[in-house]
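Asks: My structure is below; once you've seen it, I'll send some questions.
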Amino acid sequence: MTPGLLLVNLGSPDSPSVPDVRRYLREFLMDGRVIDMPWPVRFFIVNGVILPFRPKQSAHAYQAIWTKEGSPLVVTSRRVQAELQRRLPMPVELAMRYQNPSIASAVDALRARGVTEALVIPLFPHFAMSSFETAVERVKEVAAAQAPGLTVRVQPPYYQDADYITALVASAEPWLKQDFDLLLFSFHGIPERHLRKSDPTQAHCLRTADCCNVASEAHIFCYRHQCFATVKAFVAKAGLSASKYAISFQSRLGRAWLKPFTDFELERFAKEGVKKLLVICPAFVSDCLETLEEIGIRGKESFEQAGGQELKLIPCMNENSVWLQALENMVRRAFPAKK
């Protein structure tokens, strides 16, 4: 057995140009685990409703955060890959679920480097069919087609793993030491129907107001429960009181998405007297469009225009040394014989 590591993140356009953004959005939105509707309906929504207008708007947003090195998400992910390659005695490859570097190219690279058993670490701490599941299933599909002798192992969601929580708190610590009124945990939103579809019992998720607090096997696949579990572990380790934090969900594309909505909450907090707001986005391990632009630019403007004094975005863990150690620990637990 020759081990290897494959890190998988969501993806980014190759450039902030409208054609590249359109290409990225088409691949992303045509994924049946993202827009989970029959193919003809999905095709009409994506190509007839979204793509004629959205690429120009999104390109403008990407241009606001693009760096000389490229997409912040891809640049940071490559640096994490390089550091883990330095630390680990095995091949380490990086792939994006959508666009580049592709999963196909990463699987080919692992095979070329003699890897026979690959650990896949989705760079999504929480399970969701539109992120964690689609990344894992795509890796399995590509591996079966391109490298049938490659065994694929998957790191389970690590939303309350002690190393992940330690890294998350450590990365936020400099901001938590500052004066602030409220810390908002803003998670990426998903449609409520995704929770119901992922519920193996088909009788628990969103059936009662406190379903996330009632023990159930559904929690293994419940994004909402896992987000709440992350917050519970974080505030316990950081020593935050209940009055110092709140939870919301961002990036909504419809009304029947997880609530409360971050954009609504930002305005509400400002109008209710919150002056100094911190925002952390634990569903993202690397800064990207949804953190840097949606929260750091538009969210900040919205909060301050509504009467808030200051919104500070706590950066994602990115290349934080404690986070890198957490990832290294995951690999060494999976392959304990490798020194």
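Throughout, read-outs are computed from the coordinates displayed, never taken from laboratory work. Keep in mind it's a predicted model, so treat the numbers as computed, not measured. Here the Cβ is made from the backbone with ideal geometry for all residues, glycine too, and neighbour counts use every protein chain on show.
Asks: Can you flag which of LYS56/LYS197; LYS197/LYS259; LYS56/LYS177; LYS197/LYS244; LYS237/LYS259; LYS68/LYS177 are past 29 Å Cα-Cα?
Replies: LYS56/LYS197; LYS56/LYS177; LYS197/LYS244; LYS68/LYS177
Asks: Work through the residues other than LEU168 whose Cβ is under 12 Å from its Cβ and net out their charges, Lys, Arg +1 and Asp, Glu -1.
Replies: Its environment carries a net charge of -2.
Asks: Roughly how big is the chain's charge dipole about its Cα centre, with Cβ charges of +1 (Lys, Arg) and -1 (Asp, Glu), in debye to the nearest 20?
Replies: That gives the chain a dipole magnitude of about 340 debye.
Asks: Next question. For volume of the Cα convex hull per residue in Å³, several values are listed as (i) 147; (ii) 170; (iii) 138; flag the one computed from this structure.
Replies: The listed entry that was calculated here is (i).
Asks: Per residue of the chain, what 222 nm ellipticity follows from adding -39500 (n - 2.57) for every DSSP H run with n ≥ 4, rounded to the nearest 500?
Replies: Per the formula, -12500 deg cm²/dmol.
Asks: Take the alpha carbon atoms of the stretch 3-157, find their radius of gyration, then divide it by 2.2 N^0.38 Å using N residues; give the quotient.
Replies: For the stretch 3-157, the normalised Cα radius of gyration comes out at 1.09.
Asks: Working from Cα positions, state the angle (0 to 90°, nearest 10) between the long axis of helix 321-334 and the longest principal axis of the chain.
Replies: 40
Asks: Another question, if that's okay. Report the relative contact order of the stretch 174-295, percent, no decimals, based on alpha-carbon pairs under 8 angstrom and at least 6 residues apart.
Replies: 43
Asks: Angle check, please: helix 134-146 long axis (alpha carbons) against the longest principal axis of the chain (alpha carbons), in degrees 0 to 90, nearest 10.
Replies: Computed tilt is about 10 degrees.
Asks: Where a ≥ b ≥ c are the square roots of the eigenvalues of the C-alpha gyration tensor, would you call the stretch 162-313 rounded, which needs a/c under 1.5, or, failing that, prolate if a/b is larger than b/c, or oblate?
Replies: prolate
Asks: Could you order peptides 127-135, 143-151, 294-302 by the average number of other Cβ atoms within 10 Å of their residues, highest first?
Replies: My ranking of the peptides, most packed first, is 127-135, 294-302, 143-151.
Asks: Still on this model: Which whole-number percent gives the relative contact order of the chain, counting Cα pairs below 8 Å spaced six or more residues apart?
Replies: Relative contact order here is 20 percent.
Asks: Something else now. Treating only the Cβ of Lys, Arg, Asp and Glu as charged (+1, +1, -1, -1), what charge dipole size does the stretch 99-258 show about its Cα centre? Round to the nearest 20 debye.
Replies: Roughly 280 debye for the stretch 99-258.
Asks: Same structure again: Please check: in the Gaussian network model of the chain (C-alpha springs, under 10 Å), which one of PRO40, PRO19, PRO55 has the largest mean-square fluctuation.
Replies: Evaluated over the chain, the most mobile residue of the options is PRO40.
Asks: Putting +1 on Lys and Arg Cβ atoms and -1 on Asp and Glu Cβ atoms, find which of LEU206, TRP175, ALA242 reaches farthest to the positive end of the dipole of the stretch 162-313.
Replies: Sorting the options by dipole projection puts first LEU206.
Asks: Say the dipole of the chain comes from +1 at the beta carbon of Lys and Arg and -1 at that of Asp and Glu; which of TYR164, ALA104, SER321 then lies farthest toward its positive end?
Replies: Working it through, the farthest residue towards the positive pole turns out to be ALA104.
Asks: Another question, if that's okay. Based on the mean of other Cβ atoms within 10 Å per residue, sort peptides 2-13, 198-209 so the most packed one is first.
Replies: Highest-to-lowest ranking by the protection proxy: 2-13, 198-209.
Asks: In addition: Order of ASP179, ASP163 from fewest to most other C-beta atoms within 10 Å?
Replies: ASP179, ASP163
Asks: Okay, moving on. Just to confirm the number: angle between the C-alpha axis of helix 223-238 and the first principal axis of the chain, 0 to 90 degrees, nearest 10?
Replies: For 223-238 against the chain, the angle is about 70 degrees.
Asks: Can you tell me which of 236-245, 309-318 comes out highest on packing, and rank the rest after it, using the mean Cβ neighbours within 10 Å?
Replies: Descending packing order for the listed peptides: 309-318, 236-245.
Asks: While we're on this one: Along the charge dipole of the chain, Cβ charges K/R +1 and D/E -1, which of HIS60, ASN9, VAL154 sits furthest on the positive end?
Replies: Farthest towards the positive pole: VAL154.
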